[in-house]
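What follows draws every value from the coordinates through simple rules; no lab data is involved. Given the structure is predicted, the values throughout are model-derived calculations rather than measurements. Please note: Cβ atoms are built from the backbone with ideal geometry, for glycine as well, and neighbour counts cover all protein chains shown.
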């Protein structure tokens, strides 16, 4: 079962941080980022996670601690999801709970159907 309270608190904190970014975007760009700009930021971070995974396995050299960078970028990716969901008017806490329930039910059914 999903702890929606914790997920809601994380979402709220993410949106508070996003509001701070929007202050700066308004000052420097005259407007907050569009959904497309937000998605570009998110996809850039996801791409970097791929390199960090290689670095964590020792097959890609980076400066710094790959594990610390992975922790940061994974958390930041979660932040992006909260921000994008909010901008698209999606209740991510409800969507997450519903999606996990659907996936869990499907997996349980498949496991039961394919038991040896």
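Against the longest alpha carbon principal axis of the chain, how many degrees, from 0 to 90 and to the nearest 10, is the axis of helix 92-113 turned? For 92-113 against the chain, the angle is about 30 degrees.
Each of 17, 23 has some number of other Cβ atoms within 10 Å of its Cβ, and from fewest to most they run 23, 17. Sorted ascending by nearby beta carbons within 10 Å, beginning with the fewest, 76, 13 become 13, 76.
Which entry in [x] 52; [y] 26; [z] 40 matches percent of Cα pairs over 22 Å apart derived from the coordinates of this structure? So the structure-derived entry is [x].
Could you put 38, 88 in order, starting from the residue whose Cβ has the fewest other Cβ atoms within 10 Å?
Numbers: 38 19, 88 10.
Fewest-to-most ranking of 38, 88: 88, 38.
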